[in-house]
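The values are calculated or read from the model by the stated rules, or taken from the named source; none is laboratory data. Since we're looking at a predicted model, the values are computed, not measured. Heads up, the Cβs are rebuilt from the backbone with ideal geometry, glycines too, and the neighbour counts pull from every protein chain shown. For accessibility, only protein heavy atoms count, side chains too; no ligands or nucleic acids. Shrake-Rupley method; radii C 1.70, N 1.55, O 1.52, S 1.80 Å.
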Amino acid sequence: MSVGIVDTTVVIHYFRKNPSAMSWINSQPIKLSITSVLWMEVMEGTSSKSNQQSSKKILDKFELLYLTTTDQQWAM
């Protein structure tokens with residue numbers, strides 16, 4: 001079960017080692033979630049196999065949610 005879905009901006013700040021983002025994410029008692037869309041955006045932005053591996057390691061900290069058509073329509 002997830003506490004909530006993390007926004008792309010928060011994940012980017014975590015990747016950039018922003019102390020506030022790192023502290024907040026690491027202090028959550030339950031695993032936070034990211035969407036499959038965010039996962040793909042991050043992986044598409046990697047520039048090398050090495051960067052891809054380190055990005056995947058960070059993304060693995062989050063629960064991966066797959067949005068349904070109903071989820072997307074509700075959000076819009």
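Projecting label points 7 angstrom from Cα along Cα→Cβ for M40 and T70 puts them 2.1 nm apart. Per residue, the accessible area of the chain comes to 73 Å², computed with a 1.4 Å probe over protein heavy atoms only. Taking trypsin sites (Lys or Arg not before Pro) across segment 5-67, the ones in a DSSP loop with at most 13 further Cβ atoms lying within 10 angstrom of their Cβ are R16, K17, K31.
Given the choices [x] 0.98; [y] 0.94; [z] 1.19, Rg/Rh (Cα atoms, Kirkwood Rh) derived from the coordinates of this structure is entry [x].
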